[in-house]
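Reading through the structure tokens given below for one structure.
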There are 2 protein chains.
Amino acid sequence: MLKILVVEDEQAIANLIKINLNDAGYACVCAFDGKQGADLIENGEFDLVLLDILLPEIDGYELLEYIKPLGTPVIFLTAKGTVNDRIKGLRLGADDYLVKPFQIGELLARVEAVLRRYGKAEKQLFFKEVSINLDARQVTKNRKVIDLTVKEFDLLVELVRNKNVALYRDRLYERVWNEPFTGETRTLDSHIQRLRKKLGWEEYIKTVFRIGYRLEDSI
Amino acid sequence: MLKILVVEDEQAIANLIKINLNDAGYACVCAFDGKQGADLIENGEFDLVLLDILLPEIDGYELLEYIKPLGTPVIFLTAKGTVNDRIKGLRLGADDYLVKPFQIGELLARVEAVLRRYGKAEKQLFFKEVSINLDARQVTKNRKVIDLTVKEFDLLVELVRNKNVALYRDRLYERVWNEPFTGETRTLDSHIQRLRKKLGWEEYIKTVFRIGYRLEDSI
DNA sequence: TAAAGTTGTGTCAAAGTTGTGTCATGCCGC
DNA sequence: GCGGCATGACACAACTTTGACACAACTTTA
């Protein structure tokens, strides 16, 4: 799992970022001032640093100069919307910047973009204790590999990508099987059963009677 | 719930907008001059800004330049109906504009249109302590899930979308059942009873004698 | 080519949904 | 206030949908 360091003195913001990065499947560590940030960088190997500019102890620009030689990508977080700040950051070697306050979606998009640029993008999905490696087409639960067939895998991906959404049987079938759904067979149902069984997801894959299925998070 | 910021110096108008947006299920905050608006934008994450052009302190155009980099959609409110103003606003990056005085219906339509364009379209409905997740097709009351059948769910959505409106039995039936209403059976009535019971909405779902039903807010 | 694995389908039982009928109650015009 | 009609309350049976499972056709692998 990719490791991201967040250096941000406002704990509320740091936490918000951390929660969202965790949800998106990254390991995330927070530092609340520049010095703490420098220490963590010294000891841990991070794949990306999110760096606030205005920091106690050591400011963001200074920290940036320290990080750059390590080859770790950096995204600046800047509260000031002035053009000068952004330019200064980029000139010093930041890979991107985000103007606070930002939308979480934007944060994730930029994080992914930078990681991809560095060839570190890991195409993985996560749900509960299950992780899905899309490139390897491999699924693990608590670090143990679970063998899924092609259809089971595709179905799982479709469910996880649309978690908490009631997926209509016809749409679900058409997405996974790439053919029209007639509804006269037990094919979809059987595969759902097999997935539930293999993953132990009897609780999470809910039946929405007369509609289809929903992968549910909220228990 | 989606958050909308209204920047408008005429308190009467700001309030009117706020009330209507609240009714429609949005969280709404008002600012009465440009500076206040800028502060709020700085601190809060808004899904949409409604922006008057003529403002004390900082005018709408200036504020727009500040908002745009955040990726937040903006709808201009313009008193002047001159073509130039509208064009200037749209050119600067506004997503839409409304000429004052406007109809509330028009406001809501444009708000929804813009939010949809940004993929933020309201996916939840609220009424009293009940919230309805349209994607998940799940209903909760005070955070507890309430199981509804397909018909019950569709009926509920129809009622909530038309709260405080007397819905004629035939129209209601045809919308939910997608077939003509003959009126010879107790089908609709039964489903209304079931909804009332499951949600504890005996008070809110009123019978309009000889007409149909109305979901009532005003108690 | 045999063996192993995958996938679609059928059957049966169980579970859930939905329309309808009946009777009681309430509403409204007269 | 009364008669007639509309709705509430409720029970029930027909019907549909899904779970569970077995199996055969088919595909891939050794």
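Each value in this text was obtained by applying a stated rule to the coordinates, not by laboratory testing. Predicted, not measured: the structure shown is a model, and the values here were computed from it. Note that each Cβ is placed from the backbone with ideal geometry, even for glycine, and that neighbours are counted across all protein chains shown.
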Rough spin-label spacing in nm, given labels placed 7 Å along Cα→Cβ, for A:ASP135 and A:ASN22: 2.6
Separation in nanometres of the label points that stand 7 Å from Cα toward Cβ, at B:LYS35 and A:ARG117: 3.8
Distances in nm from B:ALA121 to the matching label points in the other copies, shortest first (labels 7 Å along Cα to Cβ): 2.7
Over 18 Å between alpha carbons, listed pairs A:LYS163/A:LYS206; A:LYS128/A:LYS197; B:LYS141/B:LYS198; A:LYS100/B:LYS68; B:LYS3/B:LYS141; B:LYS3/B:LYS123: B:LYS3/B:LYS141
Average beta carbon contacts from partner chains per residue of A:200-209, 10 Å cutoff: 1
Beta bridges per DSSP with both ends in the protein assembly as shown, % antiparallel, nearest 5: 50
Residue order, fewest to most beta carbons within 10 Å, for B:THR185, B:THR78: B:THR185, B:THR78
Test item: Cα-centred dipole of the protein assembly as shown, Lys/Arg +1 and Asp/Glu -1 on Cβ, debye: 1920
From the C-alpha gyration tensor of chain A, square roots of 5λ in Å: 42, 17, 15
Label geometry 7 Å along the beta-carbon vector: B:ASP189 inter-copy distances in nm: 3.5
Average Cα contact separation per residue, chain A, under 8 Å, 6 or more apart, as relative contact order %: 12
Sorted peptide list for B:43-50, B:209-216, criterion being average Cβ within 10 angstrom, highest first: B:43-50, B:209-216
Alpha-carbon centroids, the stretch A:8-41 and the stretch B:4-83: separation in whole Å: 32
15 Å beta-carbon shell around B:THR140, net charge (K/R +1, D/E -1): +3
Within 10 Å of each Cβ in A:111-118, the average number of Cβ atoms from other chains: 0
Förster radius 60 Å - calculated FRET efficiency between B:GLN103 and A:GLU62, Cβ distance, rounded to 0.05: 0.60
Neighbourhood net charge (11 Å Cβ-Cβ; Lys/Arg +1, Asp/Glu -1) for A:THR207: +2
Cα pair distances in the protein assembly as shown, grouped into 10 Å bins until the bin that holds the longest one, percent each: 4, 17, 21, 24, 22, 10, 3, 0
Against the rule of thumb 2.2 N^0.38 Å, how large the Cα Rg of the stretch A:3-117 comes out: 0.93
Size of the stretch A:124-215 as Cα extents on the principal axes (Å, biggest first): 37, 24, 19
Per-residue [θ]222 nm for chain A (sum of -39500 (n - 2.57) over DSSP H runs n ≥ 4, rounded to 500): -12000 deg cm²/dmol
Shielding by partners - mean other protein chain Cβ count within 10 Å, residues of A:161-174: 2
Nm distances between copies for A:ASN133, ranked from closest, using label points 7 Å along Cα→Cβ: 3.1
DSSP-defined antiparallel bridges as percent of all bridges, the stretch B:3-117, nearest 5: 0
FRET efficiency, B:LYS206 to A:ILE211 (Cβ-Cβ, R0 30 Å, nearest 0.05): 0.55
